[in-house]
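To start, the structure under review is shown below, and the notes come after it.
Nothing in this text is a laboratory measurement; each read-out follows from the coordinates by a stated rule. The structure presented is a predicted model; accordingly, all values stated were derived computationally and were not measured. Virtual Cβ from ideal backbone geometry, glycine too; neighbours counted across all protein chains shown.
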Amino acid sequence: MHHTPLIAMIAAGFASALLLGMLASRLRLSPIVGYLAAGVLVGPYTPGFVGDAEVAAELAEIGVILLMFGVGLHFSYRDLIAVRKIALPGALVQILVATLLGMGLAWWLGWSPAAGLVFGLALSVASTVVLLRALTERQLLDTRSGHIAIGWLIVEDIAMVFALVLLPILAGALSGDTGGPGPLILSLGLTLAKLVAFGVLMIVVGRRLIPWLLARVVRTGSSELFTLSILAAGISIAYGASALFGVSFALGAFFAGMILKESELSHRAAADTLPLRDAFAVLFFVSVGMLFDPAVLVEQPLAVLATALIIIVGKSIAAFAIVKAFRKPTDTAVLISASLAQIGEFSFILVTLGLSLGLLPPAGRDLVLAGAVISIILNPLVFLFGDRARARRAAALAREVEAEREHQPYRTTASDHVIVVGYGRVGRLVVERMKETGRVCVVIEDSLERVEELRTSGFDAVLGNATRAAVLAAAGIGRAKNLIVTVPNSLEAGEIIARGRNANPSLRIVGRAQSDREIQHLQERGADRVIMGEREIARLMSLEV
């Protein structure tokens, strides 16, 4: 018999991961739980077959490269920019809170500050895989709240990428073996210079060279060559970044994926490489599970419980408070809190790095793995609790809406203000413009979610349909200076304009239209000005000539 530790490890890893992953799915748990359990099964702390630790580590490195490559392929700076005002400060504050909680637990356990920092960082970042699965199952991926959750996770991922870069440099300082501040500053500066050089090379050369090469491969018409070119680019760049610039495999792979994201072929690249990325991601989780000693559940039950509470309760409370501090709806705050109540792949990468640098004791690894398994198992229950809370909130708001629609008890006290009818795509932009210019604005809207969003953001918002005289009166139509009707339905808009003109003859009214006939109709109903998209675009373009 040949000595084949690689084949034995892959065979045992895939077989056990398949069986336990299916069992986890049957129990309505994340398959990741099954993969981690498979690692425990083939690890050194359980009887029976024991996988080769060195081979498992190599497979884990490939898994990390492909995981980070996939994160880069899905990283969109445009999505991040859209929610940057809450995702950026929110994620950073939540990371700080979770890290401090983890450091507090580490101090209680008698660990060093270095171990506490690595431990806290590992507890602070949620699993992108678990989050995307949960949002997809609830059809929340394309909602405003879903975009905030994804943007929040992107900021966390970027922060952890920087942590992976800086931890090796700061390892000496964190362990107390610095040799003075000079060598540390020099080492940090040198590493940052290499990082900048690598980033510039990727942006200047990679953005041109990689798409050019992919285009040449596509012209061959071979799907195998295209898939091979994607994998060669990702793994080669990761290795080159490490060998030439001293950058981690993870960061190099992330940059490679991010550069490919800008290519027109990014969707095909993501789809074609998904099976291999999934396969090695499974082996990554299996290799992490091999490091877990189940004895920690018996030997340190209080520490395991405290770790799980930090992940599930501490992070959730911090996230909820942060989102509400930004005056976002309760539904959004609940969704973000549930999304972050777990940890996953980045936590394992940080733990592995901390162990290799001698910063984290093996007990820290066991607590992080135990916390990950517990939080991933309980995450569906956390989402269920959040779903019920959101349902109760929606029901209460619905009753409030119906009451106001019937009796209209709310009346604004504003005067000389602008009334904006509708808070859709156009209405939202109008309201933002009013806020920028300091104009007092009252919005009429009949959407439950939008009304709550407006009121929590500090705007006057009247619930109901603006075709009703009582609704217009509640918005202070008699004292208003302007009426802006943004609803796209011209018949409804015409009725609103006519009622507004009758209630306040001096009112300046602006409407929107999509054709010349609609412009005429709205003007006949009393609009002072009607704006049509095509005409306005043509006018502005002609001014640029």
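Here are the numbers for this structure:
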{"read-out": "Anisotropy class of the stretch 418-543 from Cα gyration tensor, a/c 1.5 cut", "value": "oblate"}
{"read-out": "Entry for Cα Rg over 2.2 N^0.38 Å (calculated from the structure that is shown) out of [x] 1.53; [y] 1.17; [z] 1.43", "value": "[y]"}
{"read-out": "Using a Förster distance of 51 Å, the FRET efficiency for residue 321-residue 25 (Cβ separation, nearest 0.05)", "value": "0.90"}
{"read-out": "Mean Kyte hydropathy of 1.0 or more with a Cα span along the axis of at least 24 Å, helices from DSSP in the chain", "value": "5-26, 53-74, 84-108, 144-175, 181-201, 223-245"}
{"read-out": "Protection proxy ranking, peptides 90-102, 352-364, 218-230, average beta carbon neighbours within 10 Å, highest first", "value": "90-102, 352-364, 218-230"}
{"read-out": "Gap separating the Cα centres of the stretch 197-223 and the stretch 457-492, nearest whole Å", "value": "53 Å"}
{"read-out": "Contour excess over end-to-end distance, with Cα ends at residue 437 and residue 96 and 0.36 nm allotted per residue", "value": "119.3 nm"}
{"read-out": "Proximal lysines relative to residue 324, as straight alpha-carbon distance under 26 Å, when same-chain residues fewer than 8 apart are discounted", "value": "85, 315, 435"}
{"read-out": "Listed residue (260, 295, 348) projecting farthest to the positive dipole end of the chain, Cβ model", "value": "260"}
{"read-out": "Shape call, the stretch 428-476: gyration tensor on alpha carbons, a/c limit 1.5", "value": "oblate"}
{"read-out": "Modelled FRET efficiency - R0 56 Å, residue 502 with residue 313, Cβ distances, 0.05 increments", "value": "0.50"}
{"read-out": "Cβ-defined net charge surrounding residue 300, 15 Å radius [Lys, Arg +1; Asp, Glu -1]", "value": "-2"}
{"read-out": "Mean Cβ count within 10 Å, highest first, over the residues of peptides 4-13, 312-321", "value": "312-321, 4-13"}
{"read-out": "Pairwise FRET efficiency - residue 4 versus residue 492, Cβ, R0 = 56 Å, nearest 0.05", "value": "0.15"}
{"read-out": "Cβ-based net charge around residue 499, under 13 Å, with every Lys or Arg adding one and every Asp or Glu removing one", "value": "+1"}
{"read-out": "Among 201-212, 490-501, the order from most to least packed when residues are scored by Cβ within 10 Å on average", "value": "490-501, 201-212"}
{"read-out": "Length-normalised contact order for the chain - Cα pairs under 8 Å, 6+ apart - percent", "value": "17 percent"}
{"read-out": "Cα centroid of the stretch 305-332 to Cα centroid of the stretch 503-518, whole Å", "value": "45 Å"}
{"read-out": "Pair residue 470, residue 85: separation of 7 Å Cα→Cβ label points (nm)", "value": "3.4 nm"}
{"read-out": "Gained length - residue 262 relative to residue 158, 0.36 nm times residue gap less alpha-carbon distance", "value": "35.7 nm"}
{"read-out": "Net charge of neighbours whose Cβ lies under 12 Å from the Cβ of residue 469, counting Lys and Arg as +1 and Asp and Glu as -1", "value": "+1"}
{"read-out": "Signed unit charges on C-beta, dipole axis of the chain, positive-most listed residue 334, 20, 380", "value": "334"}
{"read-out": "Approximate spin-label separation residue 53-residue 520, in nm, with each point projected 7 Å along Cα-to-Cβ", "value": "8.5 nm"}
{"read-out": "Rounded to the nearest 20 debye, dipole of the chain from Cβ charges on Lys, Arg, Asp, Glu", "value": "1640 debye"}
